[in-house]
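Input: a single structure, listed below in structure tokens.
The values are calculated or read from the model by the stated rules, or taken from the named source; none is laboratory data. Everything numeric here is computed off the predicted structure, so don't read it as measured data. For neighbour counting, all protein chains shown are included, and Cβ atoms are generated from backbone atoms with ideal geometry for every residue, glycine included. Accessible surface areas use protein heavy atoms only, side chains included; no ligands, DNA or RNA. Shrake-Rupley method; radii C 1.70, N 1.55, O 1.52, S 1.80 Å.
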Amino acid sequence: IIMKKLFLLFTIIGLGLTSCSNDGEVGPQGPQGPPGEDGLDGLYGYTYEVTLDLDYYDNLGYYSNIIEIPESADTPNPDGDAILMYRQEIATADDGSDIVTWSMLPQNFFVEQGTIQYVFNHSALDIELILEGNFDVSTLEAGFTEDQTFRFVVVPSDYASNSGVDISNYNAVKQSLNIKDSDIKSANILK
């Protein structure tokens with residue numbers, strides 16, 4: 001008997017809720033909300049380039065250099081933002097011309113002595129580039145340590161994880177953020 005009463009009660013409630021309609025007139029539109037913040041407005045997606053020789057540190061057993069992240073009115077220091085770092089390599093096309101390519105860090109190479117890896121870490125003020133290996137890297141050939149060109153792009157941290165852009169592809173990031181070659185600025189080497 002209790003089950004029948006509960007069933008009847010639920011049936012009445014269900015019919016009451018489904019029989020409601022929205023046949024009345026639509027009321028006036030409410031006031032305009034406050035303007036929201038624009039998306040990537042030029043404060044993010046800024047790019048810097050630096051060419052340097054990496055210095056070897058005996059006490060650390062690796063090559064390193066520190067790059068300053070410049071700050072200006074239109075490019076604040078990236079506290080809490082993501083840094084995407086790329087290393088330039090020059091490939092040769094079939095016709096003998098040079099092709100500039102950019103590889104995202106970390107980047108590994110397998111050489112005769114073992115494995116080396118370009119890595120980096122950063123704060124809001126600077127980036128430390130590191131070239132380390134699983135052997136004595138002081139014996140490494142100069143082609144890995146001298147005249148190395150890097151680009152870093154500062155993006156909001158949620159862009160790096162939520163944009164859907166292949167962040168390992170520098171050209172895709174550049175296109176997504178509408179970065180022109182004329183927008184790329186030089187960075188300073190601290191040590």
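Six or more apart or on different chains, Cβ under 7 Å: which pairs go from a residue in the stretch 58-79 that's over 30 Å from Phe135 (Cα atoms) and outside any loop (DSSP other than H, G, I, E, B) to one that's at pLDDT below 95 and open to solvent by less than 30 Å² (accessible area, probe 1.4 Å)? Could you list them?
What qualifies is Thr75/Tyr46.
Taking Leu177, is it surrounded by 11 or more Cβ atoms within 10 Å (Cβ to Cβ), touching a residue at least 60 places away in the same chain (Cβ under 8 Å) and within 16 Å of the chain's Cα centre (by Cα)?
Judged against the criteria, Leu177 is a match.
Pairs under 6 Å by beta carbon, first residue closer than 18 Å to His122 by Cα and at pLDDT 90 or above in the stretch 143-170, partner open to solvent by 30 Å² or more (accessible area, probe 1.4 Å) and among the polar types (S, T, N, Q), six or more apart or different chains?
The qualifying pairs are Thr149/Thr51; Thr149/Gln88.
Could you tell me which of the residues Leu84, Leu52 is within 30 Å of Gln175 (Cβ to Cβ) and either in contact with a helix residue (DSSP H, G or I) (Cβ under 9 Å, 6 or more places away or on another chain) or at pLDDT below 65 (or both)?
Of Leu84, Leu52, the one residue that is within 30 Å of Gln175 (Cβ to Cβ) and either in contact with a helix residue (DSSP H, G or I) (Cβ under 9 Å, 6 or more places away or on another chain) or at pLDDT below 65 (or both) is Leu84.
Using the structure shown, decide if Thr115 is hydroxyl-bearing (Ser, Thr, Tyr), free of Cβ contacts under 8 Å to residues at least 40 places away in the same chain and touching a Gly at 6+ places or on another chain (Cβ under 8 Å).
When the stated conditions are applied, Thr115 passes them.
Among the residues of the stretch 127-147, which ones are open to solvent by less than 40 Å² (accessible area, probe 1.4 Å) and either part of a helix (DSSP H, G or I) or in contact with a Leu (Cβ under 6 Å, 6 or more places away or on another chain) (or both)?
Answer for the stretch 127-147, where residues must be open to solvent by less than 40 Å² (accessible area, probe 1.4 Å) and either part of a helix (DSSP H, G or I) or in contact with a Leu (Cβ under 6 Å, 6 or more places away or on another chain) (or both): Leu131, Val137, Phe144, Thr145.
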